[in-house]
Amino acid sequence: MQFPLTEEQRLIQTTAREFADNEIAPVADKHNREGVFPADLVKRMGQLGFLGMLVPETYGGNGIGNFGLVLALEEVNRACASTGVTMSVQNSLVCAPIVHFGSAALKKKYLPKLASGEFLGAYALSEPGSGSDAAGLVASAVKDGDSFVLNGTKNFITTGAEADVVIAMLRTDPSHKTRGITAFIVESGWEGFAVGKKEDKLGLRSSSTVQLVFEDMRVPAANILGEVGIGFKIAMHTLDGGRIGIAAQAVGIAQACLDASVKYAEEREAFDQQIGKFQAIQFKLANMATKIEASRLLVYNAARLKDAGQPHGKEAAMAKLFASEASNDAAREAVQIHGGAGYLEDFSVERYFRDARITEIYEGTSEIQRIVIARHVLKNLR
Amino acid sequence: MKIVVLVKSVPDTESKIKIGADGTSIDPQGLKFIMNPYDEFAVEEGLRIKERLKDDTTVVAVSMGPERAVEVLRTALAMGADDAIHVSDPAFEGGDAQANARVLAEVIRPLSPDLILGGKQAIDYDAAQVCPAIAEYLGMPQALIVSELKISDDKKVATARRRVEGGDEMVEMTLPALVTCEKGLNEPRYASLPGIMKAKKKEIKKVGLADLPLKAESVGAAGSKTKVVKYHNLPERPPVKMIAGDAAAQAAELVRLLREEAKVI
Ligand SMILES: Cc1cc2nc3c(=O)[nH]c(=O)nc-3n(C[C@H](O)[C@H](O)[C@H](O)COP(=O)(O)OP(=O)(O)OC[C@H]3O[C@@H](n4cnc5c(N)ncnc54)[C@H](O)[C@@H]3O)c2cc1C
């Protein structure tokens, strides 16, 4: 795509692309087949600065911002969506809320280690009984002197098995649904923290998705993000940013689908010609390419607004909704273009097809994105 | 030590090269440009020497070429080079390897480097002539196509392993010297994101003809003794012929085709 990037942005994109092509892509199929978390790659990504892109230099990051982040995320996700979600969660769901809402002491304590990848992070909002209805969460934190005692279960937590720190949303006041929630930074080494069931998934197989169980876990009040009662606001603000990253992930997967499909359409022959000569195949490729370009522009726009400090909730939701659906369209057509080969795990499109599915589900389902967008569009409903 | 690293912006290896309308140039439209891969080994080696010595060693990246050379210099800075010089002037256009080496030698001379590192060749025109010519202009020893390089503790001698036909040759040179780098010398690092942010703030020095003790007649097309007359595309590859049958039948048919059609046996 022709898009006027600055020299710095091109360098970020190039570095991410080279790292993705040379280091991630060659091992992605194997890692996903075996369900291995790519700890080594993630560590190297931390050393190169890919985990501290939203963290200011004063706290050990590089402060590149959301636009640079989505450029890099697209490249990493083009190679492997599991590695991509690990990177997205670390930047947007773990570092970003600490930067925005953390006290100076919390920032100093956690950000340098998260930005360098020495610490991995997770974001724990969902529970067995609450997903889309996130404010329905029941895991609780009860004040006891200078600390809080946490009890409950978090569900579907990305990087939960490897995380050193977790941003966890807990109920501190049962009498108010949204204003009764508080965000804490908890450490996985603390007593009372346990990793529960590891989910066996359709896709994202080299990213861990686990249950986290808190049992009488004592957390100092100093580890509250922001203040008591604003946890839901923090969670939603954080997801507005995270969605831009997931949208970039969807673009990366879709681009991988297009690249593989173009290659196959030029190689594979049927009825004595390259299948790319059939208009039926050409139209699929044209649709994929167009939707990818539109998705990417929505992602760039949302990232740019966020970097400029402007409202971006609607744009982030639109980018996530459109890009995730475009990604699934692209994945379905990529399998189709590959014919029977596309159904085999020998070809990466089989993985792209499985991975694309999650982008329409996590960090707000497509239904929830439509609700968010509709709320922005309909202003005078009573 | 002062280390000069020569870097060049070249079309990406995966680019489809198109010959320009004039038949004597390459059409840059739609091409993606990268740092010449062999130059990446040169940058990496310079940085490793600096890191090993842990003294006041500096690495200066030098690139001659159009505006896009700046991006390659920025990449070298992002990898960790200390300074960068962009050599560019309308008068330099159309220069052959010798004319370009003459310019680069005068850019490098006042820097008085102890070591000059370059790629063994640029993957665009594959001439492999600029670096050796620079060494000649500067009157320093050179070791080309080097796959291993050691600098003595007193920083006076370089020992280089050269790939030669059928084996390796070990060369010892007193510094200052010039070395061109071959694959295998090292594993180039990625430009880190903090490196990119730091590189953004660094100034890239511009050098043109007016800054050099050279006359317009001795640089660019005017100073070149060779001229590209025409580029030709590679001939189309004939279609592949598949031979059917069991192994014995295939072998017999292959021999027949090699004898009767290809006429090579
Ligand atoms: C691989 C993976 C990784 C995840 N990582 C994390 C993580 O790191 N942290 C975290 O906190 N969570 C994580 N999640 C949880 C994820 O965010 C939720 O699964 C998601 O928000 C949907 O919630 P749910 O599964 O409870 O579905 P439900 O909310 O039960 O939804 C079921 C269906 O009903 C629809 N629906 C629900 N409410 C409405 C409505 N009001 N109007 C119309 N339709 C509606 C939904 O769109 C969906 O189609 C992860 C999930 C997966 C699968």
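A few points about this structure:
- Residues of segment A:268-301 classified as under 24 Å from A:Arg243 (Cα atoms) and β-branched (Val, Ile, Thr), total: 3
- Residues within segment B:194-227 that are under 17 Å from A:Arg10 (Cβ atoms) and touching a residue at least 24 places away in the same chain (Cβ under 8 Å), tallied: 7
- Scanning segment A:139-150 turns up no residue that is within 18 Å of A:Thr365 (Cα to Cα) and within 15 Å of the ligand (Cβ to nearest atom).
- Restricting segment A:323-382 to residues that are within 10 Å of the ligand (Cβ to nearest atom) and not in a helix (DSSP H, G or I), the residue that is farthest from the chain's Cα centre (by Cα) is A:Thr365.
- Close pairs (9 angstrom Cβ cut-off, 6 or more residues apart or separate chains): free of Cβ contacts under 8 Å to residues at least 40 places away in the same chain in segment A:368-382, of a type in the set (A, V, I, L, M, F, W, C) anywhere: A:Ile371/A:Ala317; A:Arg375/A:Leu381
- Residue match in segment B:169-185 (condition: open to solvent by 100 Å² or more (accessible area, probe 1.4 Å) and touching a Leu at 6+ places or on another chain (Cβ under 9 Å)): no
- Of residues in segment A:1-18 being more than 10 Å from chain B (Cβ to nearest Cβ) and touching a residue at least 24 places away in the same chain (Cβ under 8 Å), the one most open to solvent (accessible area, probe 1.4 Å): A:Met1
- Residues located in segment B:120-139, provided they are touching a strand residue (DSSP E or B) at 6+ places or on another chain (Cβ under 6 Å) and buried (at least 19 other Cβ atoms within 10 Å of the Cβ): B:Lys120, B:Ala122, B:Cys131, B:Ala135
- Taking the criterion of being within 10 Å of chain B (Cβ to nearest Cβ) and either open to solvent by less than 70 Å² (accessible area, probe 1.4 Å) or at pLDDT below 95 (or both), the residues of segment A:19-44 that qualify are A:Phe19, A:Glu23.
- Under the condition of being more than 11 Å from chain B (Cβ to nearest Cβ) and among the aliphatic types (A, V, I, L, M), the residues counted in segment A:56-70 number 1.
- Filter result for B:Ala191 (within 14 Å of chain A (Cβ to nearest Cβ), in a helix (DSSP H, G or I), open to solvent by less than 70 Å² (accessible area, probe 1.4 Å) and touching a residue at least 40 places away in the same chain (Cβ under 8 Å)): no
- Residue check, B:Ile243 in contact with an Asp or Glu (Cβ under 7 Å, 6 or more places away or on another chain), away from chain A (no Cβ under 14 Å) and not in a helix (DSSP H, G or I): yes
- Restricting segment A:189-205 to residues that are more than 14 Å from the ligand (Cβ to nearest atom), in a loop (DSSP other than H, G, I, E, B) and open to solvent by 30 Å² or more (accessible area, probe 1.4 Å), the residue that is farthest from A:Ala96 (Cα to Cα) is A:Glu191.
- Once segment A:278-320 is narrowed to residues that are of a type in the set (Asp, Glu) and open to solvent by 50 Å² or more (accessible area, probe 1.4 Å), the residue that is farthest from A:Arg370 (Cα to Cα) is A:Asp307.
- Listed by position, the helices (runs of 4 or more DSSP H) inside segment A:25-110 whose residues that are more than 19 Å from the chain's Cα centre (by Cα) and among the aromatic types (Phe, Trp, Tyr) number at least 1 are A:96-101.
- Output for segment B:157-168, where each listed residue is surrounded by 14 or more Cβ atoms within 10 Å (Cβ to Cβ) and aliphatic (A, V, I, L, M): B:Val157, B:Ala158, B:Ala160
- A:Leu125 vs. criteria open to solvent by 50 Å² or more (accessible area, probe 1.4 Å) and either within 16 Å of the ligand (Cβ to nearest atom) or more than 14 Å from chain B (Cβ to nearest Cβ) (or both): no
- Scope segment A:155-188; condition in contact with a Leu (Cβ under 7 Å, 6 or more places away or on another chain), part of a strand (DSSP E or B) and farther than 16 Å from A:Val219 by Cα; matching residues: A:Ile157
- Residues that are in contact with a His (Cβ under 8 Å, 6 or more places away or on another chain) and not charged (D, E, K, R) were ranked within segment B:194-238; the one that is farthest from the other protein chains (Cβ to nearest Cβ) is B:Val207.
- Of the residues making up segment A:332-352, not a single one is buried (at least 21 other Cβ atoms within 10 Å of the Cβ), among the small types (Gly, Ala, Ser) and within 27 Å of A:Leu125 (Cα to Cα).
- Meets criteria (open to solvent by less than 60 Å² (accessible area, probe 1.4 Å), on the phi < 0 side of the Ramachandran plot and in the same structural domain as A:Ile246 (by TED's automatic domain parsing)) for A:Ile361: no
- Selection of segment B:194-240 for residues being of a type in the set (A, V, I, L, M, F, W, C) and either in a helix (DSSP H, G or I) or at pLDDT below 95 (or both) yields B:Ile196, B:Met197, B:Ala199, B:Leu209, B:Ala210, B:Ala216, B:Ala221, B:Ala222, B:Val228, B:Val229, B:Leu234, B:Val240.
- Residues of segment A:136-185 that are of a type in the set (Ser, Thr, Tyr), under 24 Å from the mean Cα position of the chain (by Cα) and open to solvent by less than 40 Å² (accessible area, probe 1.4 Å): A:Thr158, A:Thr159, A:Thr182.
Here is a yes/no grid of residues against (1) over 28 Å from B:Ser192 (Cα atoms); (2) in contact (Cβ under 8 Å) with a residue 12 or more places away in the chain; (3) out of contact with any His (no Cβ under 9 Å at 6 or more places or on another chain):
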| site | (1), (2), (3) |
| --- | --- |
| A:Cys80 | no, yes, no |
| A:Val94 | no, yes, yes |
| A:Gly102 | no, yes, yes |
| A:Ser116 | no, yes, yes |
| A:Phe119 | no, yes, yes |
| A:Gly131 | yes, yes, yes |
| A:Ala139 | yes, yes, yes |
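The values are calculated or read from the model by the stated rules, or taken from the named source; none is laboratory data. Fair warning: this is a prediction, and the values are worked out from it, not measured in the lab. A quick note on method: Cβ atoms are made from the backbone with ideal geometry, for glycine too, and the neighbour counts reach across all protein chains shown. Quick note on the areas: whole protein, heavy atoms, side chains included, nothing else; ligands and nucleic acids left out. Shrake-Rupley method; radii C 1.70, N 1.55, O 1.52, S 1.80 Å.
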